[in-house]
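Take a look at the structure set out below.
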Amino acid sequence: MANFNKVILIGRLTRDPECRTFGSGGKVAAFGFAVTNRKKNAQTGQWEDDPMFIDCSAFNWGDRGTLANTVETYCRKGSQVCIEGRLVFDQWDDKTTGQKRSKHKIVVEALQLLDPKQDGQGGPRSAGAGAPARAAAGGGRPPADEFHDEPPPGNGEEIPF
């Protein structure tokens, strides 16, 4: 049986990253993340935002890992980012009630900064950051001139499959 666990989300940080070190020089940056789904209210017929809040962790893996450092340096509450990672299920016992608790979290493996670069502010940007940043600024949709109601002309014979 095949397994595939990958998520890609565009959203905003809900709190500043909290960083801590562990083991022999490892580092983790923990932060809250929110994405918004749109749904139609059955009673009013109006479209409403339905936010989803997710806890995320970004690690410095080994000697070359710098993801936690990047999150700590360039991300703040309200920063818009695209995260790529895997979904994990976290379980623990509540210290006050003793009840079992659980939640899904995302372990971030890649991050792309989508906020416009401030004057004089350097920082890593993923290759091709301009296109996703432009699409994200318009609510995730390309500009109106990039919408096509009809397929491009042709009979489809040039498609290789």
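Whenever a residue of segment 57-79 is more than 13 Å from residue 108 (Cα to Cα), its partners that are β-branched (Val, Ile, Thr) and not in a loop (DSSP other than H, G, I, E, B), lying with C-beta atoms within less than 7 angstrom and at least six residues away or across chains, give the pairs 75/81.
The set of residues in segment 5-57 being of a type in the set (Phe, Trp, Tyr), within 18 Å of residue 87 (Cβ to Cβ) and either in contact with a Gly (Cβ under 8 Å, 6 or more places away or on another chain) or modelled with pLDDT under 95 (or both) consists of 33, 53. Output yes when any residue across segment 58-81 is surrounded by fewer than 10 Cβ atoms within 10 Å (Cβ to Cβ), part of a strand (DSSP E or B) and over 12 Å from the mean Cα position of the chain (by Cα), and no when none is. There is no residue in segment 58-81 that is surrounded by fewer than 10 Cβ atoms within 10 Å (Cβ to Cβ), part of a strand (DSSP E or B) and over 12 Å from the mean Cα position of the chain (by Cα). Of everything listed in (1) out of contact with any Phe, Trp or Tyr (no Cβ under 8 Å at 6 or more places or on another chain); (2) exposed (fewer than 14 other Cβ atoms within 10 Å of the Cβ), the single unmet condition for residue 39 is (1). When we screen 36, 21, 44 for residues that are part of a loop (DSSP other than H, G, I, E, B) and of a type in the set (Ser, Thr, Tyr), the only hit is 44.
The values are calculated or read from the model by the stated rules, or taken from the named source; none is laboratory data. On a predicted model such as this, the values are computed, not experimentally measured, just so you know. Virtual Cβ from ideal backbone geometry, glycine too; neighbours counted across all protein chains shown.
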